[in-house]
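Data first, discussion second: the structure below is written as structure tokens.
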Amino acid sequence: RNIAMMYYLTEVRAFGNTLLKNCANAFCRCAKLTTLPSDLSTNAFADVTSFANVFYGCTSLASLPYDDVFEVGLFSNCTKCTSFASAFQGCTGLTGNIPLKLMDGCTSCTTVASLFNGCTHLRGAVINGTESIPSGLIAGMTALTAAGGMFSGCSGLAGVSITGSDLFKDSPNLTSISELFRGLAVTGTLEKNFFPIVTD
């Protein structure tokens with residue numbers, strides 16, 4: 001990571017075919033970064049094993065991209081990635097909605113701990129007229145064990161509905177959810193399958 005980049009980077013116009021294998025801390029504390037590309041057709045992160053802290057502290061980042069043409073999110077199908085821990089922690093400028101399929105199909109991921117921790121203005125996705133945490137956000141994460149603090153301090157999600165949500169339906173190995181919604185007044189009813197229970 002180029003430390004000097006923290007002070008000057010304002011926009012990423014395209015990811016292209018990066019051939020990267022590790023993106024941990026890649027844009028960490030790039031406080032002037034405002035924009036990420038919406039064209040996600042290149043599968044740029046196919047070989048990446050970690051996105052831990054990738055956008056940590058990017059306080060000017062305004063929204064997260066979703067490719068309407070290919071119907072994929074920023075990290076869709078990153079099957080080799082094991083960590084999204086604190087990927088967007090402290091991104092206080094995020095005022096957009098949580099995009100659909102942000103990390104779906106990431107079958108090797110074990111942690112999304114503190115993923116959006118402190119993203120005070122982040123909003124839920126609008127689904128059928130109701131602002132919700134999209135159930136497909138972490139679809140396919142069968143190896144997931146840790147989600148503690150995932151939405152901690154996301155005050156913009158106050159009042160978001162969790163009725164009918166099956167956010168963790170694909171994660172039977174989940175063991176840590178401490179402070180998942182710390183500081184939030186979520187509404188609705190937790191369905192019985194919100195946290196899968198493994199029985200012998």
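The values are calculated or read from the model by the stated rules, or taken from the named source; none is laboratory data. From a predicted model like this one, the values you see are computed outputs, not experimental measurements. Quick reminder, even Gly has a Cβ in these numbers, built from the backbone with ideal geometry, and neighbours come from all protein chains shown. All accessible areas refer to the heavy atoms of the entire protein, side chains included, with ligands and DNA or RNA removed. Shrake-Rupley method; radii C 1.70, N 1.55, O 1.52, S 1.80 Å.
Taking residues in the stretch 136-147 that are on the phi > 0 side of the Ramachandran plot, and partners anywhere that are open to solvent by 10 Å² or more (accessible area, probe 1.4 Å) and part of a loop (DSSP other than H, G, I, E, B), the pairs with Cβ atoms closer than 7 Å and at least 6 places apart or on different chains are G140/D104; G140/G105; G140/T107; G140/D170. Among the residues of the stretch 162-179, the one identified as modelled with pLDDT under 85, hydroxyl-bearing (S, T, Y) and surrounded by 17 or more Cβ atoms within 10 Å (Cβ to Cβ) is S165.
Condition check ((1) in a loop (DSSP other than H, G, I, E, B); (2) over 18 Å from the mean Cα position of the chain (by Cα); (3) modelled with pLDDT of 85 or more; (4) on the phi < 0 side of the Ramachandran plot) across all residues:
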site: T18; (1), (2), (3), (4): yes, yes, no, yes
site: F27; (1), (2), (3), (4): yes, no, yes, yes
site: K32; (1), (2), (3), (4): yes, yes, yes, yes
site: P37; (1), (2), (3), (4): yes, no, yes, yes
site: L40; (1), (2), (3), (4): yes, no, yes, yes
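The set of residues from the stretch 36-72 being in contact with a strand residue (DSSP E or B) (Cβ under 7 Å, 6 or more places away or on another chain) and hydroxyl-bearing (S, T, Y) comprises S38, S41, S50, Y66. Restricting T79, T120 to residues that are crowded, with 17+ Cβ neighbours inside 10 Å, farther than 20 Å from P196 by Cβ and out of contact with any strand residue (DSSP E or B) (no Cβ under 8 Å at 6 or more places or on another chain) narrows the list to T120. Remark: S86 matches the filter, which requires a residue to be within 21 Å of K21 (Cβ to Cβ), of a type outside the set (D, E, K, R) and touching a Ser or Thr at 6+ places or on another chain (Cβ under 7 Å). On inspection, A4 qualifies as aliphatic (A, V, I, L, M), open to solvent by 40 Å² or more (accessible area, probe 1.4 Å) and without any contact (Cβ under 8 Å) to a residue 24 or more places away in the chain.
To keep it simple, each residue is scored yes or no on (1) buried (at least 22 other Cβ atoms within 10 Å of the Cβ); (2) among the hydroxyl-bearing types (S, T, Y).
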position	(1), (2)
N17	no, no
A31	no, no
S38	no, yes
A52	yes, no
Y66	no, yes
V72	no, no
F84	yes, no
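The set of residues from the stretch 2-51 being of a type in the set (V, I, T) and within 14 Å of S76 (Cβ to Cβ) comprises T42, V48.
When S114 is tested against (1) surrounded by fewer than 24 Cβ atoms within 10 Å (Cβ to Cβ); (2) closer than 18 Å to N53 by Cβ, just one condition goes unmet, and that condition is (1). Here the condition is being modelled with pLDDT of 90 or more, over 28 Å from K80 (Cβ atoms) and either under 17 Å from the mean Cα position of the chain (by Cα) or not polar (S, T, N, Q) (or both); of R123, R182, it holds for R182 alone. Quick one: L137 ticks every box in (1) modelled with pLDDT under 90; (2) touching a Phe, Trp or Tyr at 6+ places or on another chain (Cβ under 7 Å); (3) within 16 Å of A85 (Cα to Cα) except a single one, so which number is it? Here L137 clears every test but (2).
I want to confirm something. Restricting to the stretch 146-161 and keeping residues that are part of a loop (DSSP other than H, G, I, E, B), modelled with pLDDT under 80 and open to solvent by 20 Å² or more (accessible area, probe 1.4 Å), which single residue is nearest to E131 (Cα to Cα)? Walk me through it before giving the result.
Of all residues in the stretch 146-161, those part of a loop (DSSP other than H, G, I, E, B) come to 147-154, 158-160.
In the following step, the residues that additionally are modelled with pLDDT under 80 were identified as 158-160.
Then drop every residue that is not open to solvent by 20 Å² or more (accessible area, probe 1.4 Å), which leaves 158-159.
Numbers: A158: 10, G159: 9 Å.
Selected residue: G159.
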